[in-house]
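Student: One structure, as structure tokens, below. Some questions next.
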Amino acid sequence: MEKGKIDVVNIAGGAVGRATFEPGWRWSVHEKPALGATGDFCEVPHLVYLVSGRLHIVMQDGAEFDINAGDVAMLPAGHDGWVVGDEIAVMLDMSGVMATQG
């Protein structure tokens with residue numbers, strides 16, 4: 001996908017994804033088309049650890065919050081998100097990878 005990539009490691013029947021998002025990356029602009037998703041928001045829940053960078057998340061209900069390097073967060077279905085600032089965001093995804101890999 002433009003401005004990002006996702007590497008997947010399969011471990012003991014599960015998977016962990018490492019997503020790398022460049023400055024300017026946004027789910028609804030860059031990842032949604034790559035996945036062929038049809039809705040305005042990501043409908044896959046994710047349990048994530050943000051290794052570096054900063055992401056801004058907007059929920060379908062209008063709630064907004066930031067995830068900063070070192071944070072663990074649960075992103076329920078119905079979210080959009082984008083990189084804040086000029087630093088690459090690296091995120092480990094422990095739950096949503098199986099649902100999104102091809």
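The values are calculated or read from the model by the stated rules, or taken from the named source; none is laboratory data. The structure presented is a predicted model; accordingly, all values stated were derived computationally and were not measured. Glycine gets a Cβ as well: all are built from the backbone with ideal geometry, and neighbour counts include every protein chain shown. Heavy atoms of the whole protein, side chains included, go into the accessibility calculation; ligands, DNA and RNA do not. Shrake-Rupley method; radii C 1.70, N 1.55, O 1.52, S 1.80 Å.
Student: Which members of segment 4-17 meet the condition of being out of contact with any strand residue (DSSP E or B) (no Cβ under 8 Å at 6 or more places or on another chain) and open to solvent by less than 90 Å² (accessible area, probe 1.4 Å)?
Tutor: Residues satisfying the conditions are GLY13, GLY14.
Student: Of the numbered conditions (1) over 11 Å from the mean Cα position of the chain (by Cα); (2) at pLDDT 95 or above, TRP25 satisfies every one except a single condition; which is it?
Tutor: With (1) over 11 Å from the mean Cα position of the chain (by Cα); (2) at pLDDT 95 or above applied to TRP25, the lone miss is (1).
Student: In segment 18-75, which residue that is touching a residue at least 40 places away in the same chain (Cβ under 8 Å) and part of a loop (DSSP other than H, G, I, E, B) is least open to solvent (accessible area, probe 1.4 Å)?
Tutor: It comes out as TRP25.
Student: Can you tell me which of ALA69, ALA12 is hydrophobic (A, V, I, L, M, F, W, C) and more than 19 Å from VAL90 (Cβ to Cβ)?
Tutor: Answer to the check: ALA12.
Student: Determine whether ASP80 is charged (D, E, K, R), touching an Asp or Glu at 6+ places or on another chain (Cβ under 9 Å) and modelled with pLDDT of 95 or more.
Tutor: yes
Student: Kindly evaluate MET1 against the criterion of being outside any strand (DSSP E or B) and open to solvent by 50 Å² or more (accessible area, probe 1.4 Å).
Tutor: Yes: the conditions hold for MET1.
Student: Taking the criterion of being in contact with a helix residue (DSSP H, G or I) (Cβ under 8 Å, 6 or more places away or on another chain) and either open to solvent by 30 Å² or more (accessible area, probe 1.4 Å) or not polar (S, T, N, Q) (or both), would at least one residue in segment 81-95 satisfy it?
Tutor: Taking every residue of segment 81-95 in turn, at least one turns out to be in contact with a helix residue (DSSP H, G or I) (Cβ under 8 Å, 6 or more places away or on another chain) and either open to solvent by 30 Å² or more (accessible area, probe 1.4 Å) or not polar (S, T, N, Q) (or both).
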